[in-house]
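Colleague: Take this structure, written in C-alpha cells, and hold onto it; I'll ask about it next.
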Amino acid sequence: MNGAKNFYINKKKNNWFKILIGTIVLLFCLWVLNFFVAPIKNIFYNLSSPIQKTFWSAGVSSSSFFGSLFNGVSLFRENENLKQENQKLLSQIVALQSITQENQAKSDVLTVCQNNGFSLVMVGISGLDNDNLSINKGSADGISEGMPVINQQGVLFGKISKVYKNFSHVILISNKNSITNVKVQQADNMMSEVNGVVKGKGALTAYLDLIPISSEINYGDILVTSAIDKSFPKDLLVGKITKKEKNDQNPFQQAEINLFFNVTASDNLFVITDYKK
Amino acid sequence: MFKKLLIILLFFYLFILLQNSFLIHYGLFGLAPDLVFILFFLLIFFSSKILENLIYAVIAGTLLDLSWYNYLGPSIIFFIIILFLLKKTQSALNIKKDGYPFTYFFTLFLFSFIIYQIMSIVYLWLTDANNLFIIFNIKFLIEIIYNSLFASFGFWIFKKIEHVKRI
C-alpha cells in the first residue's frame, strides 16, 4: 500500500520534472531563435508579401463592391441629407472665402509637406492587426523607426514602429499605445490655440483628451497635429470632433472623434523620410 | 502524420494571411476574426494526442509571432498555456464519449479565447506600454461574439469530418 503510494508520488514528481525540463528547453530554444528573428521575419515577409498584397487588394475591391450593393437602399436617404448639407455648405463657403489663411491651412497637406521640403516614399499596405499596419518597404528603402506615415491627402496614419530589411510595421494613431499631440483647428485666427492629445482606443478608433476645461471646442472641429513633441510635422490632418464630454469636476475635457484615415480603403501610403525632430 | 501536419501548416499559413489582409475589409468595428486561434482551438479540442497538440501550438504560435510580434515566443507560450488549461479542464469534466456537445465546446472556447486575449493584451502592455487601458469594453465583447460565430461554424465542420471518419 505504502509502496504504491510512493510510486504514485514519484510518478507525479517525474511528470512535473518533465514539464519543467520541457519548459526550460523551449524557453532556451526561443531565446536562441530571437537572435535571428529579424532575418527570419524578413524571409517570412518576402514569401508572404505577394500573396498578402493580393488578398488585401481583393479585399479592397470586393468590400467596396458589396458595400455599394448593400448600401443601395439607404442611398436615397443619404442623397436627401447630402442635398441639405450641400445648401448649408454653400452658405459656409461665402464665409470661408474671407478667411484666406484658414483656407490655406486646410488645403492639401501634401503641398505643405512639399513646401517644408519633406521627401516621401510610397509604400503599399500588406496587412493589419491590432491597429498595427504592415507595409512593403523597410530599411533597404530608407525607412527607419519613428517616421510619420500619411496618405496623399496629408491624413496622418501613424508612425513606423519596427523596421526590417524589406518591410516595416506602422503603429496607427488608433493603437491603444499611441498618443498624438494635436491642436484644434480654429476658424478664427484671433482665438488662442487649443491643444490636446489623441489617444488610441483600438479597433481603428480614438478619442481626444487633455483639452483644458476653459477651452471651447465644438462638434465638427478639425484636429491637426501640433508638433509639440516633434513626433509629427505640424498641420497633418487627424480627425473631427463628433461629441464632446465636459465635466466640471474634471480639469480636462474629452471628446469622441472620427479619425480621418480609412485603412480599409487605402492601398498605398507615404512615409515622410526626412522629417527632422 | 507528416502529411497531415503539412496540410495543417498550410491552413494556418493561409488563415494568417487571410485574417491580416482580406478579412480586415469585412471586419466588425475594425476587428477581423482570429482564424488562427479558432483553428488551433478546434484541432486541440478534438485531438487527445499530446505531442500532436504541442506541434499545433508551435506551428500556430510561430506563424503568429513571425507575422506580428517583435519576438519569437509569446504566441507559442500562450497556445501551450491554452492547450494545458483545455486538456486539464477536459480531463476534469471527463466528457469524451458523448460526441462533444456544442454547449461544452462553446463554453470552453469562450473561456480559452478570453484567457488568450488577456494574455495578449498583458504582453503588449508589458512590452510597449505608454498608457493603461480598459480591456473589458464593448469592443472586447463584440470581438468575443464575432469569433464565437466563426468557431461555431468551425465546430460544425469538424463534427461533420468526425462523422465521416467514423463511417
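Colleague: Within region A:209-230, can one find any residue that is within 14 Å of chain B (Cβ to nearest Cβ), farther than 26 Å from A:Thr273 by Cα and either assigned to a loop (DSSP other than H, G, I, E, B) or not basic (Lys, Arg) (or both)?
Modeller: Scanning region A:209-230 turns up at least one residue that is within 14 Å of chain B (Cβ to nearest Cβ), farther than 26 Å from A:Thr273 by Cα and either assigned to a loop (DSSP other than H, G, I, E, B) or not basic (Lys, Arg) (or both).
Colleague: Quick one: would you say B:Leu85 is surrounded by 19 or more Cβ atoms within 10 Å (Cβ to Cβ) and more than 9 Å from chain A (Cβ to nearest Cβ)? Don't jump to the end; show me each part of the working.
Modeller: Values: surrounded by 19 or more Cβ atoms within 10 Å (Cβ to Cβ): no; more than 9 Å from chain A (Cβ to nearest Cβ): yes.
Criteria not met by B:Leu85.
Colleague: Report whether or not A:Ala255 is under 22 Å from A:Lys201 (Cβ atoms), in contact with a Phe, Trp or Tyr (Cβ under 8 Å, 6 or more places away or on another chain) and touching a residue at least 40 places away in the same chain (Cβ under 8 Å).
Modeller: Details: under 22 Å from A:Lys201 (Cβ atoms): yes; in contact with a Phe, Trp or Tyr (Cβ under 8 Å, 6 or more places away or on another chain): yes; touching a residue at least 40 places away in the same chain (Cβ under 8 Å): yes.
The answer is yes for A:Ala255.
Colleague: For region B:53-72, which positions are over 23 Å from A:Leu133 (Cβ atoms) and without any contact (Cβ under 8 Å) to a residue 40 or more places away in the chain? Spell out the reasoning first.
Modeller: Step one: of region B:53-72, the residues over 23 Å from A:Leu133 (Cβ atoms) are B:53-59.
Residues satisfying the conditions are B:Asn53, B:Leu54, B:Ala57, B:Val58.
Colleague: Search region A:196-221 for residues being within 26 Å of A:Lys88 (Cβ to Cβ) and small (Gly, Ala, Ser), and hand back the single one that is farthest from the chain's Cα centre (by Cα).
Modeller: The residue in question is A:Ser215.
Colleague: Out of A:Leu33, A:Leu27, A:Leu20, report the one residue that is at pLDDT 75 or above, surrounded by 14 or more Cβ atoms within 10 Å (Cβ to Cβ) and within 14 Å of chain B (Cβ to nearest Cβ).
Modeller: Numbers: A:Leu27 fails: surrounded by 14 or more Cβ atoms within 10 Å (Cβ to Cβ); A:Leu20 fails: surrounded by 14 or more Cβ atoms within 10 Å (Cβ to Cβ).
Of the residues listed, the single one that is at pLDDT 75 or above, surrounded by 14 or more Cβ atoms within 10 Å (Cβ to Cβ) and within 14 Å of chain B (Cβ to nearest Cβ) is A:Leu33.
Colleague: Continuing with the same structure: Kindly provide the set of residues from region B:28-43 that are surrounded by fewer than 21 Cβ atoms within 10 Å (Cβ to Cβ) and free of Cβ contacts under 8 Å to residues at least 24 places away in the same chain, ordered by number.
Modeller: Correct list: B:Gly30 only.
Colleague: Being within 14 Å of chain A (Cβ to nearest Cβ), part of a helix (DSSP H, G or I) and crowded, with 16+ Cβ neighbours inside 10 Å narrows it down to one residue among B:Leu14, B:Leu72, B:Leu63; which is it? Steps first, please.
Modeller: On the way: B:Leu14 fails: crowded, with 16+ Cβ neighbours inside 10 Å; B:Leu72 fails: part of a helix (DSSP H, G or I).
Answer to the selection: B:Leu63.
Colleague: Within region A:43-65, track down each residue that is more than 9 Å from chain B (Cβ to nearest Cβ) and surrounded by 18 or more Cβ atoms within 10 Å (Cβ to Cβ).
Modeller: A:Ser49
Colleague: Now a separate question. Considering each residue of region A:77-133, count those that are at pLDDT 60 or above and outside any helix (DSSP H, G or I), and give that number.
Modeller: Residues that pass the stated criteria total 18.
Colleague: Moving to a separate point now. With the requirement that a residue be within 8 Å of chain A (Cβ to nearest Cβ) and part of a helix (DSSP H, G or I), what does region B:17-36 give you?
Modeller: Across region B:17-36, the qualifying residues are B:Leu17, B:Leu18, B:Gln19, B:Asn20, B:Leu23, B:Ile24, B:His25, B:Tyr26.
Colleague: Further question on the same structure: Out of A:Asn262, A:Asn247, report the one residue that is within 14 Å of chain B (Cβ to nearest Cβ), without any contact (Cβ under 8 Å) to a residue 12 or more places away in the chain and not hydrophobic (A, V, I, L, M, F, W, C). If you could, list the steps in order and put the result at the bottom.
Modeller: On the way: A:Asn247 fails: within 14 Å of chain B (Cβ to nearest Cβ).
Exactly one residue qualifies, and that residue is A:Asn262.
The values are calculated or read from the model by the stated rules, or taken from the named source; none is laboratory data. Keep in mind it's a predicted model, so treat the numbers as computed, not measured. Note that each Cβ is placed from the backbone with ideal geometry, even for glycine, and that neighbours are counted across all protein chains shown.
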